[in-house]
Amino acid sequence: MDDYVLALEITVIALVTLMIISFFFIGLSRALQWIANMGKKDKGEDSG
Amino acid sequence: VLERIQEFFSSTGFADLYWGHVVMLVVAGILIYLAIKKRYEPLLLLPIGFGILLANLPGTGLWDDPGTNGGTGGLIYYIGQGVHLAIFPPIIFLGIGALTDFSPLLANPKTFFLGAAAQFGIFAALFLALAWGFGMNEAGSIGIIGGADGPTAIYTSVLLAPHLVGPIAIAAYSYMALVPIIQPPIMRLLTTKRERVIVMEYPREVSKMELILFPLVITALVVLLLPKAAPLIGMLMFGNLLRECGVTERLAVTAGGELINIVTIFLCVVVGAEMAAEQVLHFDTLKLLLLGLFAFGFGTASGVLMGKLMCWLTKGKVNPLIGAAGVSAVPMAARVVQVEGQKANHQNYLLLHAMGPNVAGVIGSATVAGLLIAFLQ
């Protein structure tokens, strides 16, 4: 029985961890895209 | 003279050969046949098959510890240290990182959910393995077959249940080779024709800076959350940084070429050599193989179901088939999605979209492996 409880705990923690990483990843992707766009914009202004 | 002949015969491998060895020699023959004739994962199944062949020829002493019968130790004993000290799988991850393009995932980050959902198979198999009488560590190692990632499965089982490394690796690599047979029926069963014909928008272009920052940030995040995942995630992302930074091309080519090839040879031969008849010919091995298949199928189903949910939430912008690619098995699972998508709609090109969940599955399964190791080791 203890094994099942531990398995359930691991499952719940894993799912929460994967969800955290997924949401963080979406935010990260947006942030990286924003940083990249800012870099492009700065470059455009410098050359302009 | 007769005595001499008898003495000679008793010193040969034939004297110790029994039916179990013969069964395993047939298994080795089947794997080698599948690799050469059917071209099922030949780079993996051929060395594994040859390892099984070596392990089931008695009297070789290939696995002998140093000092056994006054000898210096067997060849496989020494090469095997790379597996038993969990060195080879992270090195293979370094090569995989150097070969992986994460831009489809960065272009459509929501597909990370599909890579996460496809890991459900690991936990379903974990519970089933417990119900079938396996211990907790064994169940965790068996469950990770559902991650459909050979190095991750080997790494986890080496640390949690070293006596199961051979059968788990065989199951993981065999099911990866059988992705085109296992996945399509599940994909068709869980999706409607209307869902399968959905054409997805072409993903945006990803900048160089995004590709460079990605491995750095993911390493920091995942390793801070799960320090035990550091060897796998760290090496995967390091390899990817070598590829994307643009100044270490030689290192990236080596990591994704010669290095991964050399380590794959050693790893697979050792994994095959773990399959001696005395160790694997019992009912538990059959149960393990069935559990692995269940994990794989359940992972595919949960990926597709998450795809259906995303399809519903986005009002039909996501083709649920791409969820099946969440079970790692790069790039075979993504290719299967492409084939199934084209069967439903000849104009549909899902390969690029399926690569997102496919590489997310690699990160997802390595993360779950780190978590299992953290709890169970």
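Read-outs: derived from the displayed coordinates by stated rules, not from any lab. What you are looking at is a predicted structure, and each value in this text was computed from that prediction instead of being measured. Neighbour counts run over all protein chains shown; Cβ positions are idealised from the backbone, glycine included.
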Mind checking the angle between helix B:19-36 and chain B's longest principal axis? C-alpha axes, 0 to 90 degrees, to the nearest 10. 40 degrees
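Taking a cut-off of 41 Å, what percent of all Cα-Cα pairs in the protein assembly as shown are separated by more than that? Each step should come with its number before you reach the end.
Working: 16261 of 90100 pairs.
Value for the protein assembly as shown: 18 percent of Cα pairs lie more than 41 Å apart.
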For peptide B:104-112, how many partner chain Cβ atoms fall within 10 Å of a residue's Cβ, on average? 4
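Per-residue counts of other Cβ atoms within 10 Å, averaged by peptide: what ranking do you get for B:213-223, B:115-125, B:89-99, B:248-258, highest first? Intermediate results must be reported in sequence, preceding the final value.
Working: B:213-223: 18.5, B:115-125: 28.6, B:89-99: 24.6, B:248-258: 16.1.
Taking the mean over residues of other Cβ atoms within 10 Å, the ranking is B:115-125, B:89-99, B:213-223, B:248-258.
Report Rg(Cα)/(2.2 N^0.38 Å) for region B:1-145, keeping two decimals. Walk me through the numbers on the way to the answer.
On the way: Rg = 21.7 Å, N = 145, 2.2 N^0.38 = 14.6 Å.
Here the answer is 1.49, to two decimals.
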Can you give me the angle between helix B:235-244 and the longest principal axis of chain B, using Cα atoms only, in degrees from 0 to 90, rounded to the nearest 10? 50 degrees
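Could you work out the per residue convex hull volume over the alpha carbons of region B:221-299, in cubic angstrom? Don't skip to the end; give the middle numbers.
Numbers: hull volume 11.5 nm³, N = 79.
Looking at region B:221-299, the number lands at 145 Å³ per residue.
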Let me know the Rg and Dmax you get for region B:149-291 when you use only its Cα atoms, in Å. 19.6, 54
Jot down the radius of gyration and Dmax of region B:265-377, Cα atoms only, both in angstrom. 17.6, 56
Peptide-level mean, for A:2-10, of C-beta atoms on other protein chains within 10 Å: 5
For region B:115-219, take every pair of Cα atoms, bin their distances at 10 Å starting from 0, and report each bin as a whole percent. 13, 30, 27, 23, 6, 0
Mind checking the log10 I(q)/I(0) for chain A at q = 0.17, 0.24, 0.28 Å⁻¹? Debye, one equal scatterer per Cα, no solvent, two decimals. -0.64, -0.82, -0.91
Identify the chymotrypsin sites (Phe, Trp or Tyr not before Pro) of region B:1-38 meeting these criteria: DSSP loop state and at most 12 other C-beta atoms within 10 Å of the C-beta. B:18
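Rg(Cα) of chain B divided by 2.2 N^0.38 Å? Intermediate results must be reported in sequence, preceding the final value.
Values: Rg = 21.8 Å, N = 377, 2.2 N^0.38 = 21.0 Å.
It is 1.04.
At a temperature of 20 °C and a viscosity of 1.002 mPa s, determine how fast region B:333-377 diffuses translationally according to Stokes-Einstein, using the Kirkwood radius over alpha-carbon pairs as Rh; express D in µm²/s, rounded to the nearest whole number. Numbers along the way, then the final one.
Working: Rh = 12.0 Å.
Approximately 179 µm²/s, per Stokes-Einstein.
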Quick one: which of B:320-328, B:41-49, A:4-12 comes out on top by average Cβ neighbours within 10 Å, and what's the full order, highest first? B:320-328, B:41-49, A:4-12
Under-18-angstrom lysine pairs by C-alpha in the protein assembly as shown, whenever the two are 8 or more apart or on separate chains: 11
Need one value for B:126-135: mean number of C-beta atoms belonging to other chains within 10 Å of its residues' C-beta atoms. 2
